[in-house]
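Reviewing the structure listed below.
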Amino acid sequence: MIKRLLITGAAGRLGSHLRGSLRPHAQTLRLSDIAPMAPAVAGEEVVPCELSDKLAVDRLVQGCQAIVHMGGIPNEQPFEKILDANIRGVMHIYEGARRHGVERVVFASSNHVVGFHRQGDLLETNCERRPDGHYGLSKSFGEDVARFYFDRYGIQSACLRIGSATHEPVDRRMLHTWLSYRDLSELVRCCLFAPSLGYTVAYGVSDNRDPWWSNAGARHLGFEPRDSAEAFRSERERVPALDPADPARIYQGGGFVKNGPFENDF
Ligand code: 15L
């Protein structure tokens with residue numbers, strides 16, 4: 001049982017799922033987001049917070065033993081937005097963790113840190129990162145921040161390169177990248193309670209056929225996915241495949257590899 005567990009991004013799709021599934025594992029859940037959240041029930045604290053606000057994040061982190069950092073922008077956006085929410089945000093979370101003696105952080109990284117690897121290649125957890133946009137770059141930065149705070153301050157971290165965490169796979173790519181909500185919860189639980197986490201990178205992916213990612217380097221987590229995208233294959237394969245020359249079909253990041261540039265940024 002964790003005394004007080006902070007979940008950032010608690011109003012989001014994955015954060016609100018974890019709000020339910022991590023409930024039995026913490027005496028108190030501190031829930032944070034900038035978007036409206038459901039009111040606190042017994043054993044919960046709802047604390048709205050802007051991740052780019054260093055002082056607010058510092059107060060948010062105080063008193064927590066562990067953090068599940070799901071907060072920030074979850075898709076490709078103009079750089080300035082990503083800079084505030086994801087890049088400044090992750091620094092503030094780790095700096096708060098250092099200042100307040102937080103023992104463990106689970107950081108929601110993304111498959112988009114390796115999005116420019118080719119579909120069909122099998123990546124290990126220590127493969128070269130090839131981010132596919134501002135969003136992927138920010139997650140890659142977050143992984144470096146996690147590594148740095150472990151090396152210098154001993155804060156243990158898991159960086160989860162989450163694939164496509166949805167109720168069910170909705171396209172052909174997700175037959176490879178799908179992560180069920182049940183497997184997501186189990187993966188996060190494993191990261192919070194693994195006897196020794198150190199600095200770990202793991203892919204957030206269910207037990208799909210023809211995987212692109214291997215968690216051999218993260219076996220110490222004890223994560224055993226139970227779901228598979230296979231049950232959805234026939235339905236998803238009825239949708240015509242993308243043109244073989246389409247970058248979204250060539251690279252693992254799918255459509256993310258061709259998002260932007262954002263001409264209206266200036
Ligand atoms: C992500 O990192 C995004 O947050 C999510 O919206 C999906 O697009 C997912 O990756 C994916 O690659 O399917």
Exercise. Given 0.36 nm per residue, what is the gain on full extension from Cys127 to Arg98 after removing their alpha carbon distance, in nm?
Worked result: 7.7 nm
For this session: Note down the nm distance, to one decimal, between modelled labels 7 Å out along Cα→Cβ at His25 and at Gln62.
Result: 2.7
Exercise. Using a Gaussian network model of the chain with C-alpha springs under 10 Å, which one of Ser196, Ser214, Ser138 is most mobile by mean-square fluctuation?
Worked result: Ser196
Exercise. What ranking do Ser110, Ser16, Ser21 get, fewest neighbouring Cβ atoms within 10 angstrom at the top?
Worked result: Ser21, Ser16, Ser110
Exercise. Taking amide H positions as placed 1.01 Å from N in the peptide plane, with prolines and chain starts having none, which residues 5 or more places from Val114, or on another chain, fall under 5 Å of its amide H?
Worked result: Arg130
For this session: Return the long-range amide H neighbours of Gly71 (sequence gap of 5 or more, or a different chain), with a cut-off of under 5 Å between placed amide H atoms.
Result: Thr8, Gly9
Exercise. What is the order of Trp178, Trp213, fewest Cβ neighbours within 10 Å to most?
Worked result: Trp213, Trp178
Seminar exercise, completed: Restricted to the chain, the DSSP antiparallel beta bridge percent, nearest 5, is 5
Problem set entry | Ranked list, fewest to most other Cβ atoms within 10 Å of each Cβ, for Lys81, Lys139 | Lys81, Lys139
Exercise. In nm, to one decimal, how far is the Ser196 label point from the Arg13 one, both placed 7 Å along Cα→Cβ?
Worked result: 3.7
Exercise. Hey, what angle do you get for helix 134-153 against the long axis of the chain, alpha-carbon based, 0 to 90 degrees rounded to 10?
Worked result: 40
Exercise. Label point 7 Å out from Asp210 along Cα-to-Cβ: which residues of the range 102-146 have amide N under 16 Å?
Worked result: 118-123
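Any read-out appearing in this document is the output of simple, stated calculations on the displayed coordinates, not a laboratory observation. The shown structure was predicted, so the numbers you read here are calculated from the model rather than taken from an experiment. Using ideal geometry, Cβ is built from the backbone for each residue, glycine included, and neighbour counts are taken over all protein chains shown.
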